[in-house]
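J.: Quick one: this structure, given as structure tokens, is what I'll be asking you about.
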Amino acid sequence: MPNLLKKTSVIILNWNDFPDTINCIESVLKSKTDNFNLDIMVIDNGSTDESPKQLRLFIENYQKQANHYSSRLEFIQNLKNLGYAGGNNVGILKALENNADYIFVLNNDAAVEKNTIERLIHTIESNNVAIVGPIIEEYAQNNDRWIVEGGRIQWLKSELKHGTWNMEHGEQNTNPESMIHDSRSKSQDLYIPGAAMLVKKEVFEKIVLPNEYFLYFEDADFCLHAQKAGFKIKVAEDAKIKHKVSSSTSKLGSPLLLRYHFRNALYFNKKHGPILVKILLWPWSLWVIFKQTLKILIGRNKKESLAILNGVIDFYKNRFGKIE
């Protein structure tokens, strides 16, 4: 079991989704079986619904009932939506100020199973790694379920794929290799999905989540940056969470999400890709432009194709951060 003297901060980012956030908080509280030093920081990312009011009320009620050995809950409200990285960085910097030894970045639409955080900490302490993620059981509205074992870097793709098992059919969509990599490895293709990653403070003292993406690719960028700096990462196969697929981001709308995907994919490939990928970036983007223009001309998925084209244009015009 982990060193009980060390402090762990859980960062949960909320945007217009307080019911899921409250369920996430409760799952963290229930998962904690030992009286180790744990606090929970809830960051509201400029919500326009009842989230600030409801989350404050939940935390106030919890604090009234909490005893000496209970976890500490803190609420921080951002005045505007700072994106995934910007919102989480507010909590991460606060956790570092509070002398946290470990910081657990957790999506608000996730539910933590019993002993998960302790097992993640134990994995770090017993394997000499700095970033660790749990096994993730993802589920969609159509009841499809997958087991996710880390993420895999794929160059010249608009989305990054996870190493997953289809629970219903027993099919593996991606075949993960060794679940541990370090900076000396030639195949730095493993990253920990941002839905749940436990990070040693030493990493965040040197590297923060990149703000320029606003949404998507931040977790892969962060993990690649960390590995290049000499930090090891690993998936803990004895720790597990459940995660709704795109519970919050789906509210933004499909075309806008596609725009983020393609803009950020181009930026990620340019920033981290090997020489060949950087050379192929221009013809790849030309192919995307040709394909989406053709779809628009024949009247097929015009909104989606226009959003993708705008994402490519955003990249070449260096328009990053939140898309207004």
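All of the numbers you see were taken from the coordinates with simple rules; none came from a lab. The model shown is predicted, which means the values in this text are computed figures rather than measured ones. Note that we place each Cβ from the backbone using ideal geometry, even for glycine, and neighbour counts take in every protein chain shown.
J.: Here are some values of Kirkwood radius over Cα pairs in Å: (1) 20.4; (2) 19.7; (3) 25.6. Which one was computed from this structure?
T.: Entry (1).
J.: Please report, ordered by residue number, every helix of the chain (full DSSP H runs) that is 27 Å or longer along its axis going by C-alpha atoms and whose mean Kyte-Doolittle hydropathy reaches 0.5.
T.: For the chain, where a helix must reach 27 Å along its axis and average at least 0.5, the hits are 275-297.
J.: Here's another thing I want to ask about it. Among residues other than I296 whose Cβ falls under 12 Å from its Cβ, what is the net charge (Lys/Arg +1, Asp/Glu -1)?
T.: +4
J.: Place a +1 charge on the Cβ of each Lys and Arg in the chain and a -1 charge on the Cβ of each Asp and Glu, then give the dipole magnitude about the Cα centre in debye, rounded to the nearest 20.
T.: Approximately 1080 debye in magnitude.
J.: Would you mind putting 44-51, 152-159 in packing order, based on average other-beta-carbon counts within 10 Å, highest first?
T.: Highest to lowest by the protection proxy: 44-51, 152-159.
J.: Among the listed pairs K30/K322; K7/K234; K32/K201; K157/K206; K278/K317; K64/K94, which have their C-alpha atoms separated by more than 26 angstrom in this model?
T.: Going by Cα-Cα distance, K30/K322; K157/K206 fall outside the 26 Å limit.
J.: Which of L29, L286, L160 ends up with the largest GNM mean-square fluctuation for the chain, with Cα atoms connected below 10 Å?
T.: L286
J.: Say the dipole of the chain comes from +1 at the beta carbon of Lys and Arg and -1 at that of Asp and Glu; which of Y260, G91, A307 then lies farthest toward its positive end?
T.: A307
J.: For I207, what charge total do you get from the other residues with a beta carbon under 10 Å from its beta carbon, if Lys and Arg give +1 and Asp and Glu give -1?
T.: For residues surrounding I207, the net value is -1.
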